[in-house]
Amino acid sequence: MPTDTRHGTKLVAIGGGTGLSTVLAGLKRLVGTHDQGGLWLESLSAIVTVSDDGGSSGRLRDELQILPPGDIRNCMVALSEDSTLLSRLFRYRFRGNGHLGGHSFGNLFLAALTEVTGDFVEAVRLSSEVLASKGRIYPATINDVRLVAELEDGTEVFGETRITAAGKPIRRLRLEPEHCLPLPEALAAIRTADIITVGPGSLYTSLLPNLLVARVAECIGESRAVKIYIGNLMTQPGETDGYTARQHIATVKQYAPEIVFDYIVVNDRLISDEQTARYAAEGAHQIGVTDHQIEKAFGAEAQVRRADLLDEGEKVRHSPEKLARVITACYEQAAGAHPAVVAQHF
């Protein structure tokens, strides 16, 4: 359970895609800030899905037989100092239609360092040091895993990009190979964590792949950390069409019944009419704001916290700062401290 918040707190964030990097970008400012009072992070760790098979990551995965670097690169950049030239360099994507076209420099750097060291995990650690990242990043598994989905019509689809492109309801998701080994360091981070967050992120292609790795969900369930589920803002076309916020959580519980969340965090601010129309044209719809079935379904085991989590801008995104506020406020409440002390960090 929570420790005295005058001492450093250990936080593990689990996910993938832009959702995980957004969480990390907000939390990194709490790393080592104990001189400011209130909650501060002694360690910040990310456990990242490695099932991506599209874009630059997919090309490098097929050509070099390495784990897909894209989500891990995004996390490294999120944890680095935003103003550094190296951070900008890692985000740079080559233009054109040649062999380099579409590749991210950060992905190529990770691929090259993996070749030099012979170890993808070591390459991630060294790259994080180069970027002066304020945290540790662990792939959920070092096995070459692929996502396999059994659709409602009985057909099987192999690979993350094909699953999304299929655009049909998913009956069952699994990894291939099904028994893939977790990274010991990732399990160790979970065991010693004070806070564990799951989400936001693509339900079937960012969140569940982590929980399907052997022993990960079990280890989270056994942990005494405060466990926080962060809900998505929108449905994802081709993956969660028609899903409510409650269905997102219920699906996580279906695949990882060992995990009992202490808090479920849901956005309560409506997006603009312009955003609603633009996303609807792409088949995406806002969730959570009017879904009060969450409290009915999960209120007995978890506290549902609704807050304005939206970032400003044309795209519908979580705000890193608002996510950090609500995560730390949940922990402060669980620890018995007054959540107002969190505000001074922002």
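What Kirkwood hydrodynamic radius, in Å, does segment 54-137 give when the mean of 1/r is taken over all pairs of distinct Cα atoms and then inverted?
Details: mean 1/r = 0.0787 Å⁻¹.
After inverting the mean inverse Cα-Cα distance, the result is 12.7 Å.
Under the 0.36 nm per residue contour assumption, what length would be gained going from the current alpha-carbon distance of residue 260 and residue 272 to full extension?
On the way: separation 12, 0.36 × 12 = 4.32 nm, distance 3.36 nm.
Once the chain is fully extended between residue 260 and residue 272, it gains 1.0 nm.
Across segment 307-320, in residue order, what do the Karplus-derived ³J(HN,Hα) couplings come to in whole Hz, using 6.51 cos²θ - 1.76 cosθ + 1.60 with θ = phi - 60° and x for Gly and Pro?
Result, ordered by residue: 7, 6, 10, 7, 7, 7, x, 6, 7, 7, 9, 6, 7, x Hz.
Which value, in debye to the nearest 20, describes the size of the charge dipole of the chain about its Cα centre when Lys and Arg Cβ atoms bear +1, Asp and Glu Cβ atoms bear -1, and nothing else is charged?
Values: 35 positive and 43 negative charges, 84 e Å.
With only Lys, Arg, Asp and Glu charged at Cβ, the dipole is about 400 debye.
Select from 79, 30, 151 the residue whose mean-square fluctuation is largest in a Gaussian network model of the chain (Cα-Cα springs shorter than 10 Å).
Per the Cα network of the chain with a 10 Å cutoff, 151 tops the list.
Looking at the chain, send over the antiparallel percent of its DSSP beta bridges, to the nearest 5. Walk me through the numbers on the way to the answer.
Working: 13 of 41 bridges.
The antiparallel fraction comes to roughly 30 percent.
Roughly how far apart, in whole Å, are the Cα centres of segment 237-263 and segment 65-116?
31 Å
Between residue 95 and residue 176, what is the label-to-label distance in nm when each label sits 7 Å out along the Cα-to-Cβ direction?
Once both label points are built, they end up 3.9 nm from each other.
Taking 0.36 nm per residue of sequence separation and subtracting the Cα-Cα distance, how much length would be gained by fully extending the chain between residue 130 and residue 289, in nm to one decimal? Write out the running numbers ahead of the final one.
Details: separation 159, 0.36 × 159 = 57.24 nm, distance 4.08 nm.
Working it through step by step, the gained length comes to 53.2 nm.
Report the Cα-based extents of segment 150-241 along its three principal axes, largest first, to the nearest Å.
Each principal axis gives a Cα extent; for segment 150-241 these are 41, 31, 17 Å.
Determine which residues of segment 265-279 fall in the zone a paramagnetic label at residue 307 would reach in this model, i.e. backbone nitrogen under 12 Å from the point 7 Å along Cα→Cβ.
Under cut-off, by backbone N: 265-268.
Please turn the phi angles of segment 276-283 into ³J(HN,Hα) values with the Karplus equation 6.51 cos²θ - 1.76 cosθ + 1.60 (θ = phi - 60°), one per residue in order, whole Hz, x for glycine and proline.
After applying 6.51 cos²θ - 1.76 cosθ + 1.60, I find 4, 5, 5, 6, 4, 5, 9, x Hz.
Karplus couplings for segment 48-62 from phi (6.51 cos²θ - 1.76 cosθ + 1.60, θ = phi - 60°), rounded to Hz, Gly and Pro as x?
Values per residue, Gly and Pro as x: 10, 5, 10, 10, 4, 9, x, x, 4, 4, x, 5, 5, 4, 6 Hz.
Which lysines have a Cα lying under 21 Å from the Cα of residue 296, excluding residues fewer than 8 positions away in the same chain?
227, 253
Order these peptides, 41-48, 121-128, 61-68, by their mean beta-carbon neighbour count within 10 angstrom, highest first. Don't skip to the end; give the middle numbers.
Values: 41-48: 24.8, 121-128: 19.5, 61-68: 17.8.
Order by mean packing, descending: 41-48, 121-128, 61-68.
Counting only residues 5 or more places away or on other chains, whose amide H sits under 5 Å from the amide H of residue 9 once H atoms are built in the peptide plane?
HN-HN under 5 Å from residue 9: 40, 41, 42, 43.
Using Cα positions and a limit of under 21 Å, work out the lysines in reach of residue 134, with same-chain residues fewer than 8 apart set aside.
Qualifying lysines at Cα under 21 Å: 10, 28, 322.
State the volume of the convex hull built on the alpha-carbon positions of segment 245-313, expressed per residue in Å³ and rounded to an integer. Please list the in-between numbers first.
Details: hull volume 6.9 nm³, N = 69.
Cα convex hull per residue, to the nearest whole number: 100 Å³.
Under the rule of -39500 (n - 2.57) per DSSP H run of 4 or more residues, summed and divided by the residues of the chain, what mean residue ellipticity at 222 nm is obtained, to the nearest 500 deg cm²/dmol? Each step should come with its number before you reach the end.
Details: 14 runs with 131 residues, N = 346.
Calculated from helices alone, the mean residue ellipticity at 222 nm is -11000 deg cm²/dmol.
Using a Gaussian network model of the chain whose springs link C-alpha atoms within less than 10 Å, name the residue from 55, 98, 167 with the highest mean-square fluctuation.
Comparing 55, 98, 167 in a Gaussian network model of the chain, the most mobile one is 98.
If N is the number of residues in the chain, what value comes out of its Cα radius of gyration divided by 2.2 N^0.38 Å?
Details: Rg = 19.2 Å, N = 346, 2.2 N^0.38 = 20.3 Å.
Ratio of Rg to 2.2 N^0.38 Å for the chain: 0.95.
Sorted by mean Cβ packing within 10 Å, highest first, what order do the peptides 179-185, 323-329, 259-265 take?
Working: 179-185: 15.3, 323-329: 24.0, 259-265: 21.9.
Going from most to least packed, we get 323-329, 259-265, 179-185.
Every number in this text was worked out from the coordinates using simple rules, so none of it is lab data. What you see is a predicted model, and the numbers here were worked out from it, not measured in a lab. Positions of Cβ are generated from backbone atoms using ideal geometry, with glycine treated the same way; all protein chains shown enter the neighbour counts.
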